[in-house]
1. Got a number for residues in region 42-79 being within 9 Å of the ligand (Cβ to nearest atom), open to solvent by less than 10 Å² (accessible area, probe 1.4 Å) and touching a residue at least 40 places away in the same chain (Cβ under 8 Å)?
2. So, residue 144, is that one basic (Lys, Arg), open to solvent by 50 Å² or more (accessible area, probe 1.4 Å) and away from the ligand (no atom under 16 Å from the Cβ) or not?
3. Tally the residues that are farther than 22 Å from residue 36 by Cα and of a type in the set (D, E, K, R), restricting the search to region 139-178.
4. In the list 20, 86, which residue meets the criterion of being open to solvent by less than 50 Å² (accessible area, probe 1.4 Å), more than 14 Å from the ligand (Cβ to nearest atom), β-branched (Val, Ile, Thr) and at pLDDT 95 or above?
5. Going residue by residue through region 195-213, is there one that turns out to be open to solvent by less than 40 Å² (accessible area, probe 1.4 Å), within 16 Å of the ligand (Cβ to nearest atom) and within 30 Å of residue 82 (Cβ to Cβ)?
6. Go through (1) within 16 Å of the ligand (Cβ to nearest atom); (2) open to solvent by less than 10 Å² (accessible area, probe 1.4 Å) for residue 157 and report which single condition fails.
7. Taking residue 94 as meeting all but one of (1) more than 14 Å from the ligand (Cβ to nearest atom); (2) in contact (Cβ under 8 Å) with a residue 60 or more places away in the chain, write down the number of the exception.
8. Take residue 132 and tell me if it is over 19 Å from residue 25 (Cα atoms) and buried (at least 23 other Cβ atoms within 10 Å of the Cβ).
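The values are calculated or read from the model by the stated rules, or taken from the named source; none is laboratory data. All of these numbers come straight from a predicted model, not from anything done at the bench. No Cβ is skipped: glycine too gets one built from the backbone with ideal geometry, and neighbour counts run over all protein chains shown. We work out accessible area using only protein heavy atoms, side chains counted, and drop any ligands, DNA or RNA first. Shrake-Rupley method; radii C 1.70, N 1.55, O 1.52, S 1.80 Å.
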Amino acid sequence: MKAAELIAEGDVAALPAPQVRVTEIFRSLQGESNSVGWPTVFVRLTGCPLRCVYCDTAYAFSGGQRFGIDAIVEQVVGHRTRHVCVTGGEPLAQPACLLLLSELCDQGHAVSLETSGALDISGVDPRVRIVMDLKTPSSGEVMRNLMQNLDHLKPSDEIKIVIGSAQDFQWAEQMVREYVLDERFDVLVSPVFGAVEPLQLAEWVLGSAHRMRCQLQLHKMIWGNEPGH
Ligand code: SF4
């Protein structure tokens, strides 16, 4: 469901605080992570303090509408779907995101959070599976990686590294070595759409001494770059 539909069904004036700004809520297939392929409700929160050069969700940088946590949870529950993914933008840029995550867990959902890795994750409900980016040099935001976040990830969480060049892959290997990432978490590497061929990434992963998982974005294979999927 898109934000416009959500707006039509909500009564903004009557919503209690706290609120978050939402770009869209929709149901699709999870295209990434260890939950790939599961029908999933996505809650895309508005705003991001980063500007990765390959960003495919720039439409979530601004706009959106503010909604109370209860109204969002009600919309999500209405989809009768076990998996829920809170994404962005950068969801943690809105403090009330932490409450939203906990409320979704309370409803019995399998909740995941997609975060840039640039903001503190220590307050995230431990029931939430965190998929945290490490930003590569070619993203233009490598200096934003908050490496202390690694101390707050659980073994069941995932690290995602988006690879835009051969240098990025070498950097990813260096990070895996330095922080022993592959013994602590699942490390997933994805190609920047249109910049690195999947075959090339596959060869890099197969040739690496480190345990990394190559992932392609299922939703883009099916729907391309169309928002709402
Ligand atoms: S962190 Fe995510 S939403 Fe923000 S600019 Fe980077 S890719 Fe886009």
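1. Matching residues across region 42-79 total 1.
2. Values: basic (Lys, Arg): yes; open to solvent by 50 Å² or more (accessible area, probe 1.4 Å): yes; away from the ligand (no atom under 16 Å from the Cβ): no.
Answer is no for this residue.
3. 7
4. Numbers: 86 fails: more than 14 Å from the ligand (Cβ to nearest atom).
After applying the criteria, what remains is 20.
5. no
6. (1)
7. For residue 94, the exception is condition (1).
8. Numbers: over 19 Å from residue 25 (Cα atoms): yes; buried (at least 23 other Cβ atoms within 10 Å of the Cβ): yes.
When the stated conditions are applied, residue 132 passes them.
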